[in-house]
Each structure stands twice: as C-alpha cells, then as structure tokens.
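The next block holds one structure in the form of structure tokens; read it before the comments.
The values are calculated or read from the model by the stated rules, or taken from the named source; none is laboratory data. Bear in mind the structure is a predicted one, so any value in this text is a computation, not a measurement. Cβ sites come from the backbone with ideal geometry, for glycine too, and all protein chains shown count toward neighbours.
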Amino acid sequence: MEKPKTSLPENAYRELKPGEKYEPFIPASFTGPEISLRSVSWGILLAAIFTASAAYLGLKIGQVFEAAIPIAIIAVGLSGIYSRRSTILENVIIQSIGAASGMVVAGAIFTIPALYIIPNLTTNFWQIFLACLFGGFLGIVFIIPLRRYFVAEQHGLLPFPEATAINEVLVTGEKGGDQAKTLVFAALIGGIYDFLIASLGMWSEIISTRLVPLGAKLADKGKLILKVNAGAAVMGLGYIIGLRYASIIVAGSFVSWLVLIPAVWYFGEHLNLAVLPGAVPISSMTVEQIFSNYIRHIGIGGIACAGIIGIIKNIKIIVSAFSLGFKQIFSGVKDSSAGIRTDKDIPMSLVILVILLTSVAILLFVRASVVDTWYIAIIALLLTVVISFLFTTVAARAIAIVGVNPVSGMTLMTLILSSIILVKVGLHGSAGMVSALIIGTIVCTALSSAGAFITDLKVGYWLGATPFNQERYKFLGILVSALFVGGVILLLENVYGFVKTPEHPNPLAAPQGNAMAAILNVVFATSSVPWGLYLAGVFMALTMELIGVAPLAFALGMYLPIELNTPILIGGIIAHLVGKSSGDEALNNARKDKGTLIASGFIAGGALMGVISAVLAYFFEDKLNTGFAELELSGFHIGMVVSALMFTGLCIFMYRYAKTAKIED
C-alpha cells in the first residue's frame with residue numbers, strides 16, 4: 001500500500017499550467033479501504049437521519065439546513081472510534097451517501113406540500129417516493145457524462161465553494177496538527193457568530209442602507225437600497241469564490257436592485273392598478289415586492305438561457321459521451337480510462353440503460369397514478385426528461401460557481417412550462433395540477449441531485465476517490481432518502497397539516513409549497529405568465545455571453561437577493577487583498593491557502609450551527625430572539641449598527657488571521 005500524501009498539492013485550487021496535471025491527495029495506485037461495511041452503513045444511517053430531520057424542520061419552520069458539511073464533520077469524528085482509523089476515502093463515501101438526504105429533501109418540500117394546499121388535490125406515499133426516486137436517478141445519470149468536464153477540465157476555473165469547504169474538513173481531519181487547529185478555531189468563531197445572529201438575534205442579520213434616515217428615505221421614495229447579509233458563512237463562500245466571479249454575481253445584483261427596481265417604480269409610481277404577475281399596484285409595493293414580483297423573473301429567464309448556452313457549449317462532450325455509450329452497447333468498445341482508478345466512471349452503456357429504464361418507469365408511473373391516457377403520459381415524460389436534461393448543467397454550474405443551486409427558479413419555470421403545455425393538450429383542473437406538480441417534483445429532485453452530486457464528485461477528484469464507487473453508491477443514498485422523505489411528509493400532513501382546518505389549527509409553514517401552489521392557481525386560472533420578463537432575462541444572458549461575461553453568474557446575481565451577493569463580493573475582495581498582501585508570491589499563496597481554510601471553517605461552523613439553530617427554533621420558537629436585532633433609537637437601527645461593527649470586525653479578523661501564515665506551513 002503506497003503511503004498517501006500529507007497535504008493537498010499546491011495546484012489543488014488554482015488553474016493548471018499547460019501540460020500540468022493534478023495528482024490527488026490519495027494517488028490512483030492506492031489500494032486501501034474505500035467501500036466498506038462501516039462507510040456504507042454510516043452513509044445509509046446518516047442519509048436516513050438527515051432526510052427525516054431536514055424534511056421535518058424545513059416544513060415545520062421553513063428553515064432548510066445544509067446536510068453535506070455536517071455529515072463530513074461527523075464522518076471525520078467517526079474515524080477515531082474504530083481500532084483501524086477510517087481512511088479519508090471511506091469518509092468520502094460516508095459523506096456522499098449521506099448527502100443524498102439534502103438532495104431529495106430539496107426536491108420534495110418545494111412541491112409535494114402544494115398537493116395538499118390546493119383544494120381537492122391529494123397524494124400518497126408511492127407518488128412521493130417514486131417521484132423523488134426517479135428525479136434523483138435522473139440527476140445522477142445526467143451529470144455522469146459531464147463529470148470530467150466539470151471536475152477535471154474546469155479545474156481551477158470554477159471555484160466550487162461548498163466542495164472546497166467539505167474538502168478542507170476531510171483533509172484537515174486526516175492531517176490534524178496546526179491546520180486542524182485553524183479549521184476548528186475558525187469553525188467555532190463562524191459558528192458562534194452565526195448562532196448569535198440566527199438563534200439569539202443579538203444583532204441584525206441584514207445590514208441595509210435603511211440603517212440611517214437618508215437611506216430609509218431613498219428606499220421608500222426612490223426604491224434604492226443596498227443590503228448585506230452579515231453572516232460569517234456567506235462571507236466565507238465569497239472568499240473561496242474569489243473576486244472574479246464575485247464581481248460578476250454582484251454586477252447582476254446591482255443591475256436588478258439599482259437599475260431595474262427603480263425603473264419599474266418610476267413607471268408604476270402613480271399606477272393604481274395591479275400589473276400581473278403582481279397582485280397589488282406597483283405604487284403600493286416595497287422594494288422587495290418589486291423584486292419578487294417582477295425582477296426575479298428576469299433572473300429566471302437569464303438562468304434558463306444560460307443553461308441552454310451551456311448545453312450548446314458542451315454539446316461535443318455530451319455527444320461524445322453518449323456515442324461512447326452506444327459503442328459500448330453495440331460493438332464492445334471500452335472506455336480508455338477504465339484502468340485508472342481515480343478516473344473510472346460507471347460505463348456509459350450502463351448510464352444509457354439506467355436513463356432508458358428510468359424513463360420507462362416514469363412513463364408507467366405517470367400513466368398508472370397521475371393521468372388517464374398514454375398520449376398525455378408520453379407528453380409528461382418528454383417534459384420531465386427534456387427539462388431535467390437541459391437544467392442539470394445549470395444546477396451543476398451554479399453550485400460550482402456560487403455554491404447555491406437555484407432550484408426554486410428552475411422549478412418555477414418547470415411548473416409554468418409543463419402547466420401551459422398540459423393545458424394545451426387538454427389536461428385541465430385537478431388532473432393538470434397534479435401532473436404539473438409530479439413533473440415538478442421529479443425535475444426539482446433531479447436538479448437538486450445534479451448540483452449536489454457534482455460537489456461530491458469534485459471532492460472525490462481532489463482527494464482521489466473512485467468516481468465509479470461514488471456514482472453507484474449515490475443511487476443507494478437516493479433510495480434511502482426517497483423512502484424516508486415520503487414517510488415524513490405523510491406523517492407531518494396527518495399530524496400538523498399544511499392548510500388551516502379545525503383538525504389542524506396550526507398547520508406547517510411549508511413556504512416553498514405555498515409559493516408553488518399560488519403559481520399553479522394563477523397559471524391554470526388565468527394562463528398569465530410574464531413571458532416578457534423571461535424574454536428580457538434571455539436577452540440579458542445573451543448580451544453577457546457576447547461581451548465575454550459568464551451569463552450564469554450574472555443571471556444568478558439578478559435572481560438571488562442582493563443581501564446574499566454583497567457579502568460574496570466582500571469575501572472576494574478579502575481574498576484578493578490577502579493574495580496581494582506581500583511582494584513574496586510564495587508567502588501570498590500560503591496566506592491565501594490559510595484564508596481558504598479559515599473560510600471553510602466559517603462555512604462548516606455556519607452549516608453545523610444551522611442545524612442546531614433549526615432544532616432550537618422548533619423547540620423554543622421566537623423565545624430565543626432577545627437581542628438588539630429589531631431595536632431602533634432616534635431613527636437609527638441599533639441592531640444594524642451593531643451588525644455593521646461586528647461584521648467589519650469579522651472581516652478584519654479573517655484578513656489578519658490569514659496573514660499569520662508562513663511559507664513552511
């Protein structure tokens with residue numbers, strides 16, 4: 001057994017030079033344990049636990065926590081309980097299987113509750129289970145042909161912020177020493193900091209220009225406002241993303257909030273009629289309402305167009321991958337990389353077979369439990385597979401760039417497109433809504449799975465895991481999570497309900513499900529869809545592509561709330577300053593690497609405390625928020641003042657702590 005490396009290669013996070021190769025943390029020649037009883041068993045157990053808890057808390061209090069990083073932390077902790085310490089590759093498998101929980105939960109709770117919220121609709125365990133299962137399978141098989149492109153060919157070009165945090169947790173757990181101390185210390189600082197905001201409300205989570213009277217006046221009279229999320233985890237994401245992509249993302253956000261929102265307000269300020277898709281006159285809207293009712297749709301159109309551009313750019317890779325698959329099926333051609341452990345995928349012939357079998361299963365499922373005719377079942381199948389295929393690259397690239405998967409926007413687009421097409425082919429009323437929501441569930445789970453899975457594969461690429469093992473055991477994780485999410489949703493509906501009734505006086509919040517139900521009611525009742533706004537986003541993305549700006553990053557900036565984008569820019573600026581903090585390039589690289597470790601600690605601490613905050617929010621509701629978050633004095637928002645001071649201190653701490661790195665570290 002070859003002795004593994006003791007640290008990540010120097011080129012782990014940077015772009016490779018011509019002819020340069022990346023050698024993973026664990027070399028391809030390594031023959032130690034990877035798939036073992038402990039790694040698979042713990043992965044299954046954590047998938048079940050986190051599926052149940054994430055679905056429960058997400059529907060109960062509307063707060064969904066990130067599962068992948070806490071599971072990576074648990075995997076590291078479990079390593080030491082055995083006489084033979086678990087290898088880092090076993091921990092990769094535990095994390096990969098367990099992280100299926102977040103993938104499936106995101107797909108289910110966005111759509112399934114709407115089946116109970118809309119009158120006269122219902123569902124059952126098998127519909128929930130199979131929709132999530134098929135969606136998860138599609139997300140996996142559609143991303144496998146693009147694995148090498150995203151994780152190897154784009155190495156150093158795409159930042160993969162969430163994957164970086166997971167990677168640092170696993171590597172640091174393996175190495176220990178000073179790096180472990182740095183990661184743990186940063187996780188404690190970031191976790192406690194975010195906990196004080198999220199659970200105790202010690203200061204405002206959002207800083208805005210409403211902080212001062214002049215800013216409040218500009219927000220109310222001119223709809224001009226800037227916001228910053230003062231969380232440690234979000235700023236840590238920005239550090240890892242870097243200044244280049246952070247600038248593009250924030251540029252999109254500035255166009256939405258500083259150009260388009262004031263423009264809409266200017267033309268609608270004196271209009272006393274509601275303009276669809278808005279439900280109230282523009283003259284009565286806040287900045288946030290204008291964004292959610294109008295501007296965000298432009299971002300959704302941009303995201304969809306960016307996805308199509310990505311498909312066109314990657315068409316050679318996709319065609320080549322599937323051509324190889326058909327050659328494997330019909331002529332016995334083998335993949336040239338099959339002998340290299342760290343580059344071995346599930347054979348493309350098997351990928352194609354899974355796609356075909358899943359498609360047939362979806363057709364039979366839809367025909368048996370959703371619609372009455374084979375014609376409409378085939379239409380539903382085509383919608384499901386085509387939309388899932390088109391949007392999986394969007395989900396993967398979004399996760400790779402900003403660490404956020406815009407599944408809500410893409411699911412919204414899916415519901416609108418499928419609803420309109422189903423109405424055109426003659427499916428109306430309850431049957432049409434159920435069909436649209438089942439299609440939406442499959443697609444939403446596929447997109448969530450694709451985005452999260454490319455994170456797992458990138459971690460595996462850095463660490464030297466076998467893609468073949470990650471891919472085949474991910475199916476197992478999806479199966480376990482789909483089983484548990486179906487049972488949990490049915491249990492919650494029976495106990496709490498999603499709609500206020502005499503039997504359920506305090507129903508679950510299910511905010512995403514309520515939003516999807518509202519959209520379906522509008523589309524099926526009025527067929528009113530803001531195509532003009534979507535088209536504006538399409539041309540915005542095309543313009544970005546023409547001038548050489550990454551269209552998806554820009555569209556994500558337009559789509560995401562500005563308070564999530566501005567701290568990303570601040571983190572990117574800190575990364576830039578750290579990287580230029582001395583005249584010694586080697587020292588700058590050491591400092592930037594330490595900053596990456598600190599940022600990963602912030603993200604890990606924030607993710608872990610997010611779980612704790614969600615649990616405490618359920619048991620104590622609002623009783624913990626006893627700080628200064630909402631306190632105002634003489635027109636000044638005290639909570640924001642404290643937040644601005646604390647966030648500034650956090651940024652200074654990160655910069656100075658990163659600068660303590662030495663070349664020998």
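Residues are listed down the side, and each one gets a yes or a no for (1) in a helix (DSSP H, G or I); (2) touching a helix residue (DSSP H, G or I) at 6+ places or on another chain (Cβ under 7 Å); (3) surrounded by fewer than 24 Cβ atoms within 10 Å (Cβ to Cβ):
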| residue | (1), (2), (3) |
| --- | --- |
| THR122 | no, yes, yes |
| PHE129 | yes, yes, yes |
| GLY136 | yes, yes, no |
| PRO145 | yes, yes, yes |
| ARG148 | yes, no, yes |
| ALA152 | yes, yes, yes |
| GLY156 | no, no, yes |
| THR164 | yes, yes, no |
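Contact map, segment 483-509: residues that are farther than 19 Å from LEU133 by Cβ paired with residues that are among the aromatic types (Phe, Trp, Tyr) and part of a helix (DSSP H, G or I), Cβ distance under 8 Å, separation 6+ or inter-chain. Pairs shown: LEU492/TYR56; GLU493/TYR116; GLY497/TYR116; PHE498/TYR116; VAL499/TYR116. Take the residues in segment 242-263 that are crowded, with 20+ Cβ neighbours inside 10 Å and of a type in the set (Ser, Thr, Tyr); name whichever of them is nearest to GLY201 (Cα to Cα). Taking the candidates together, the pick is SER253. When every residue of segment 258-269 is checked against the conditions, at least one turns out to be touching a strand residue (DSSP E or B) at 6+ places or on another chain (Cβ under 9 Å) and of a type outside the set (Val, Ile, Thr). Exactly one residue out of VAL538, VAL549 is outside any helix (DSSP H, G or I) and modelled with pLDDT of 85 or more, and it is VAL549. Filtered by the rule that a residue be at pLDDT 75 or above and loosely packed, with under 15 Cβ neighbours inside 10 Å, segment 320-352 gives a lone residue, ILE340.
Of all residues assigned to segment 491-510, none qualifies as being within 14 Å of THR441 (Cβ to Cβ), buried (at least 22 other Cβ atoms within 10 Å of the Cβ) and modelled with pLDDT of 75 or more. GLU10 meets the stated requirement of being closer than 20 Å to GLU174 by Cβ, among the acidic types (Asp, Glu), outside any helix (DSSP H, G or I) and at pLDDT 80 or above.
Being charged (D, E, K, R), part of a helix (DSSP H, G or I) and at pLDDT 85 or above is a property that holds for ARG244. In this structure, is GLY497 of a type in the set (Gly, Ala, Ser) and part of a helix (DSSP H, G or I)? Against the criterion (of a type in the set (Gly, Ala, Ser) and part of a helix (DSSP H, G or I)), GLY497 does not qualify.
Filtering segment 202-211 to residues that are under 26 Å from the mean Cα position of the chain (by Cα) and part of a loop (DSSP other than H, G, I, E, B) leaves SER204, GLU205. Restricting TYR239, TYR266 to those that are outside the structural domain of PHE160 (by TED's automatic domain parsing) and surrounded by 19 or more Cβ atoms within 10 Å (Cβ to Cβ) reduces the list to TYR239.
Pick from ALA395, ALA304: which is modelled with pLDDT under 85, assigned to a helix (DSSP H, G or I) and not assigned by TED's automatic domain parsing to the domain that holds TYR461? Selected residue: ALA304, the only one of ALA395, ALA304 that is modelled with pLDDT under 85, assigned to a helix (DSSP H, G or I) and not assigned by TED's automatic domain parsing to the domain that holds TYR461.
Could you tell me whether any residue of segment 446-459 is charged (D, E, K, R) and either more than 30 Å from ILE97 (Cα to Cα) or in contact with a Lys or Arg (Cβ under 6 Å, 6 or more places away or on another chain) (or both)?
Within segment 446-459, not a single residue is charged (D, E, K, R) and either more than 30 Å from ILE97 (Cα to Cα) or in contact with a Lys or Arg (Cβ under 6 Å, 6 or more places away or on another chain) (or both).
Out of (1) part of a helix (DSSP H, G or I); (2) small (Gly, Ala, Ser); (3) more than 17 Å from LEU382 (Cβ to Cβ), what's the single condition that is false for ALA465? Just one mismatch for ALA465, condition (1).
This table checks each residue for (1) small (Gly, Ala, Ser); (2) within 14 Å of GLY606 (Cβ to Cβ).
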{"position": "GLY156", "(1), (2)": "yes, no"}
{"position": "GLU162", "(1), (2)": "no, yes"}
{"position": "ASN167", "(1), (2)": "no, no"}
{"position": "GLY173", "(1), (2)": "yes, no"}
{"position": "ALA180", "(1), (2)": "yes, no"}
{"position": "GLY191", "(1), (2)": "yes, yes"}
{"position": "ASP194", "(1), (2)": "no, yes"}
{"position": "ILE206", "(1), (2)": "no, no"}
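Among what's in segment 405-428 and is at pLDDT below 75, more than 19 Å from the chain's Cα centre (by Cα) and not hydrophobic (A, V, I, L, M, F, W, C), pick the residue that is surrounded by the most Cβ atoms within 10 Å (Cβ to Cβ). My answer is GLY426.
Yes/no matrix, rows are residues, columns are (1) surrounded by fewer than 18 Cβ atoms within 10 Å (Cβ to Cβ); (2) at pLDDT 85 or above:
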site: GLY19; (1), (2): yes, no
site: GLU23; (1), (2): yes, yes
site: GLY32; (1), (2): yes, no
site: LEU37; (1), (2): yes, yes
site: SER41; (1), (2): yes, yes
site: LEU45; (1), (2): yes, yes
site: ILE49; (1), (2): yes, no
site: ALA52; (1), (2): no, no
site: ALA55; (1), (2): no, no
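The condition of being surrounded by fewer than 16 Cβ atoms within 10 Å (Cβ to Cβ), assigned by TED's automatic domain parsing to the domain that holds VAL259 and more than 28 Å from the chain's Cα centre (by Cα) holds for only one of LEU218, LEU214, LEU188, that being LEU214.
Residue by residue, here is whether (1) over 27 Å from ALA400 (Cα atoms); (2) β-branched (Val, Ile, Thr); (3) in contact (Cβ under 8 Å) with a residue 60 or more places away in the chain holds:
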{"residue": "PHE160", "(1), (2), (3)": "no, no, yes"}
{"residue": "ASN167", "(1), (2), (3)": "no, no, yes"}
{"residue": "LYS181", "(1), (2), (3)": "yes, no, no"}
{"residue": "SER199", "(1), (2), (3)": "yes, no, yes"}
{"residue": "THR209", "(1), (2), (3)": "yes, yes, no"}
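Within segment 246-277, the set of residues being polar (S, T, N, Q) and touching a residue at least 60 places away in the same chain (Cβ under 8 Å) comprises SER247, SER253, SER256.
One residue alone among ILE519, ILE568 is closer than 17 Å to TYR655 by Cα and assigned to a helix (DSSP H, G or I), and that residue is ILE568.
Which one of ILE166, ILE192, ILE197 is closer than 25 Å to SER86 by Cα and modelled with pLDDT of 80 or more? Criteria check complete, one pass: ILE166.
Considering ILE93, ILE97, ILE71, ILE112, the condition of being under 20 Å from MET516 (Cβ atoms), in the same structural domain as LEU492 (by TED's automatic domain parsing) and buried (at least 24 other Cβ atoms within 10 Å of the Cβ) is satisfied by ILE112 alone.
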